[in-house]
Structure formats: structure tokens, C-alpha cells
Amino acid sequence: MRDVPHNPVVLIPARMASTRLPDKPLANIAGLPMIVQCLRRAEEADVGPVVIACAEAEIADAVHAAGGRAVLTDPDLPSGSDRIHAALEIFDPDGVHDAVVNLQGDLPTLEPNVVRACVRVLDDPSVDISTAVCAITKESERENPNVVKAVLALTKGARIGRALYFSRATVPTGPGDHFHHIGLYTYRRDTLAQFVALPASPLEQREKLEQLRALEAGMRIDAALVDTVPLGVDTPADLERARALLA
């Protein structure tokens with residue numbers, strides 16, 4: 001029986017390369033770079049120390065100027081998961097932290113309770129990775145391939161369900177709820193190491209969804225049902241919305 005993780009660390013991968021919004025981590029939102037706004041949301045969750053896993057020194061400089069922690073990683077790492085794993089080995093080589101929260105660096109309006117709910121899912125020793133979802137209420141989101149849907153085994157009234165699949169398609173079919181997947185994860189430390197050592201899987205490559213690699217490898221992912229979806233900043237229009245929300 002595995003222990004309940006008791007000492008999480010929050011890692012936020014960040015890199016300057018973005019085709020739709022160049023230099024995105026340093027975009028000014030309410031007087032702070034976006035990556036620092038994400039740092040503040042993670043600190044407000046109060047689940048453990050927060051470290052920015054940077055691909056470039058400019059990001060680290062901005063984080064340090066705001067009093068935050070940052071670790072420089074190889075800019076050529078292929079994914080955010082690889083970046084947080086590399087940063088974890090630098091920041092905590094002795095393995096003090098037994099769980100790792102992976103937050104995206106473009107969620108400046110993330111509510112801290114979403115992070116806390118995600119971490120609590122790992123209280124179940126059978127769960128390898130946790131994440132979060134929100135019920136879809138807008139019909140346009142059901143058909144939008146940019147809104148990733150999570151297929152959950154979720155009993156009525158429950159707030160945690162086992163993730164059976166993730167897709168850009170509208171699944172499952174038939175009447176009932178659909179769930180918008182929120183892209184944050186909490187890994188057991190050994191699970192993260194196993195995950196980044198795996199090759200990209202066929203379904204992962206087909207759907208362009210990294211979490212399918214874990215499911216194909218037999219890892220268990222459970223999701224916390226939360227009430228809000230944070231604004232992801234991917235375009236100049238998203239950036240203006242975030243500035244308005246945090247003004």
C-alpha cells in the first residue's frame with residue numbers, strides 16, 4: 001500500500017517560444033509578467049513550494065525579480081512534463097518532495113482551490129496521477145476540438161472520478177454530461193519518472209494529448225470535478241481578457 005503524498009512541490013514549465021503569442025511568459029498582466037501571475041496563483045493554493053521550470057534566462061530573471069524560485073532547464077526538452085522532471089532533479093536531488101504538481105504557465109486566473117482539489121485526489125493510494133475537470137455548459141464547447149473532453153467513471157453526486165479516456169471529439173455519445181479537461185496534473189514522484197521515460201504512444205500521437213500515454217501504459221488517472229475553467233492565454237485576445245479579469 002502506497003503512502004499518501006505529504007510533501008508536494010509545484011512546478012510550472014515556461015518557455016518563450018509561442019507561435020500565436022510570442023514571449024508569452026513575460027506578457028504584462030496587471031503590472032506583472034504572466035508567469036509571475038501564475039506563480040502567485042500557485043502560491044495562494046499553499047500546497048507546497050513553487051518553482052518555475054524555465055527554458056530561458058529571461059524568464060528566470062523575471063521570476064527572481066518578483067522574489068520567486070526558478071530553475072533553468074534545457075530549452076530543447078520536448079514537453080512541459082520533461083521540463084518539470086528535469087527541474088525537479090535540479091531543485092530536489094535528494095527526493096524530499098514525494099508529489100509534483102504540474103501547472104501550466106498560461107493560467108494566470110487559475111483559482112487556488114482547483115490546485116488543492118487536484119492534490120487531494122492522490123489521497124487514494126491506487127491513483128497514479130490526478131487532474132481536474134469541469135462540466136461543459138456551453139454547447140459550442142462540446143463540438144470544439146480545442147476543448148479536450150475527459151471521459152469519467154463518475155457516480156452521481158461524486159466529486160472525483162476515474163478518467164477512462166481523453167479526446168478532442170465529443171465523447172461519450174448519448175445524453176449526459178461532458179467534461180472539460182483542465183490541464184493541470186499531480187504526479188506521484190515515481191510516476192512522473194516512469195512517465196517521462198516512456199515513448200510517445202499511438203493514441204497520444206493521434207489525439208495530440210500527452211495524458212493518453214499514461215493511460216496506454218496502464219497508469220490510473222483520477223479527476224477532481226471543480227466549478228470553473230481557468231482562462232488559458234494562447235492568443236492576443238485571451239491576453240486582453242486576462243488583463244481585464246486581473247485589472
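Filter region 169-214 down to the residues that are basic (Lys, Arg) and surrounded by 16 or more Cβ atoms within 10 Å (Cβ to Cβ) and list them by number.
In the first step, residues of region 169-214 are kept if they are basic (Lys, Arg); the result is 188-189, 206, 208, 213.
Selection gives ARG188, ARG189, ARG213.
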- Message: Considering only residues that are in a helix (DSSP H, G or I) and closer than 14 Å to ARG162 by Cβ, which ones fall in region 103-133?
- Response: VAL121, LEU122
- Message: Pairs needed: first member in region 171-186, part of a strand (DSSP E or B); second member anywhere, aromatic (Phe, Trp, Tyr); C-beta distance under 7 Å; at least 6 residues apart or different chains.
- Response: HIS181/PHE166
- For region 74-131, what are the residues that are within 13 Å of the chain's Cα centre (by Cα), closer than 11 Å to LEU11 by Cα and aliphatic (A, V, I, L, M)? ILE84, VAL100, VAL101, LEU103
- Breaking point among (1) within 21 Å of GLU240 (Cα to Cα); (2) surrounded by fewer than 18 Cβ atoms within 10 Å (Cβ to Cβ); (3) touching a Cys at 6+ places or on another chain (Cβ under 9 Å), for PRO22: (3)
- Message: All but one of (1) over 15 Å from the mean Cα position of the chain (by Cα); (2) assigned to a loop (DSSP other than H, G, I, E, B) hold for GLY232; state the number of the condition that does not hold.
- Response: (1)
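I'm trying to understand the selection: among the residues of region 206-235, which are without any contact (Cβ under 8 Å) to a residue 40 or more places away in the chain and touching a helix residue (DSSP H, G or I) at 6+ places or on another chain (Cβ under 9 Å)? Give the steps one after another, and end with the answer.
Start the filter on region 206-235 by keeping residues that are without any contact (Cβ under 8 Å) to a residue 40 or more places away in the chain, which leaves 206, 213, 216-218.
Selection gives ARG206, ARG213, GLU216, ALA217.
Given the criterion in contact with a Gly (Cβ under 8 Å, 6 or more places away or on another chain), under 29 Å from LEU154 (Cα atoms) and of a type outside the set (Val, Ile, Thr), identify the matching residue among ALA223, ALA193, ALA217. Spell out how you get there, then give the answer.
On the way: ALA193 fails: in contact with a Gly (Cβ under 8 Å, 6 or more places away or on another chain); ALA217 fails: in contact with a Gly (Cβ under 8 Å, 6 or more places away or on another chain).
Answer to the selection: ALA223.
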- Message: I'd like the full set of residues that are in contact with a strand residue (DSSP E or B) (Cβ under 8 Å, 6 or more places away or on another chain), assigned to a helix (DSSP H, G or I) and either modelled with pLDDT under 95 or among the aliphatic types (A, V, I, L, M) (or both), limited to region 187-211.
- Response: LEU192
- Task: All but one of (1) among the aliphatic types (A, V, I, L, M); (2) touching a Lys or Arg at 6+ places or on another chain (Cβ under 8 Å); (3) not assigned by TED's automatic domain parsing to the domain that holds CYS38 hold for VAL100, so report the exception by its number.
- Result: (3)
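Given ARG69, ARG142, ARG40, ARG116, which one is modelled with pLDDT under 95 and farther than 24 Å from GLY218 by Cα?
Numbers: ARG69 fails: modelled with pLDDT under 95; ARG40 fails: modelled with pLDDT under 95; ARG116 fails: modelled with pLDDT under 95.
Checking each option against the conditions leaves just ARG142.
The values are calculated or read from the model by the stated rules, or taken from the named source; none is laboratory data. Just so it is clear, the structure is predicted and the values come from calculations on it, not from any experiment. Note that each Cβ is placed from the backbone with ideal geometry, even for glycine, and that neighbours are counted across all protein chains shown.
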